[in-house]
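One structure is given here, and the rest of the page talks about it.
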Amino acid sequence: MNIFSRTKPEQPKTSISTDPEFGRIQFTAVHRLRSIRIFVQPFQGVIVKFPSGVSLKKAEAFLDSKRSWIRQALLRAQITEQKSRDHFASEGAFNKAEIRRSLTERLYALAQEYDFQYNKVSLRNQKSRWGSCSAQDNISLNQILFYLPNHLRDYVLVHELAHTREKNHSPKFWKILFDIYGKFETIRMRRELKAFDYLFYPPPN
């Protein structure tokens, strides 16, 4: 007997159903989940996750109780999908090398301009974040930054550079950005960024 053997973690159990109003619904039973949750994602539709001890019938009843919210969420998702299609259809073809060169060169220029020091930089296809900075001052950038207007792209890059000095979003961190952009401009750009959330959802191939 191998005392070091481990059982494989239980895999989520997924079933697909078709709803008369919402179309395709994905139901997934998750072992460690504590409550039923509903997600509406652009290009994915409605996803219901529920604890493995909860019956599918109860999950379906919970979905029925949230129809008004789902209806509104699907409308927002459709708007996001259309913005995504319009954007990526209008953009020319850019290869990864070109995107990397553009973002890394701009990051370096801003670091020089505002006296920041960072270690390594990497590019990723992150699903929900524009970028991140590790405890070792390694900066990770989302490739979709390339498609932002220049002033918002620069804001995100400076935001991550500021994390090389302050790792959290403390008042000291925000003071760094306020000293560079001013308080009201910083707040304005943070709000403006939300209008570009559709970039996180490129149309499926």
When only DSSP loop residues count, what GluC sites (Glu not before Pro) in region 89-195 have their Cβ near at most 14 other Cβ atoms within 10 Å?
E91
For N138, other-chain or 5+-apart residues with amide H closer than 5 Å (H placed, Pro excluded) are N119, K120
Sorted by accessible area (1.4 Å probe), largest first, how do R106, R165 line up?
R165, R106
If you look at just the Cα atoms of region 150-205, how large are its Rg and its Dmax in Å?
13.0, 43
Here the net charge surrounding T28, from other residues whose Cβ is less than 9 Å away from its Cβ (Lys, Arg +1; Asp, Glu -1), is +2
At a probe size of 1.4 Å, how large is the accessible area of R67, to the nearest 10 Å²?
50
Assign unit charges at the C-beta atoms only (+1 for Lys and Arg, -1 for Asp and Glu), then state the dipole size of region 99-154 relative to its Cα centre in Debye, rounded to the nearest 20.
380
Filter on K172/K194; K83/K127; K49/K83 - keep pairs with C-alpha separation over 20 Å:
K172/K194; K49/K83
Would you compute, from DSSP H runs of 4+ residues alone, the mean residue ellipticity of the chain at 222 nm, taking -39500 (n - 2.57) per run and dividing by the full residue count, rounded to the nearest 500?
-14000 deg cm²/dmol
Grab the Cα-Cα distance for S134 and R190, subtract it from 0.36 nm times how many residues apart they are, and report the gain in nm with one decimal.
18.0 nm
Cα-centred dipole magnitude for the chain, charges only on beta-carbon of K, R (+1) and D, E (-1), debye, nearest 20
840
When all Cα-Cα pair distances of region 90-158 are considered, the percent exceeding 14 Å is 58
Can you tell me how much longer the chain between Y114 and S68 gets when fully stretched, taken as 0.36 nm per residue apart minus their C-alpha distance, in nm with one decimal?
11.7 nm
Kindly identify region 1-145 as rounded, prolate or oblate by the Cα gyration tensor criterion: order the square roots of the eigenvalues as a ≥ b ≥ c, call it rounded if a/c is under 1.5, otherwise compare a/b with b/c, prolate if a/b is larger, else oblate.
oblate
Please give me the summed charge of the neighbours of E192: other residues whose Cβ is under 14 Å from its Cβ, Lys and Arg +1, Asp and Glu -1.
+2
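The values are calculated or read from the model by the stated rules, or taken from the named source; none is laboratory data. Being a predicted model, the structure only gives us computed values, none of them experimental. Positions of Cβ are generated from backbone atoms using ideal geometry, with glycine treated the same way; all protein chains shown enter the neighbour counts. When the accessible area is computed, the model is the full protein with side chains, heavy atoms only, and any ligands, DNA or RNA have been set aside. Shrake-Rupley method; radii C 1.70, N 1.55, O 1.52, S 1.80 Å.
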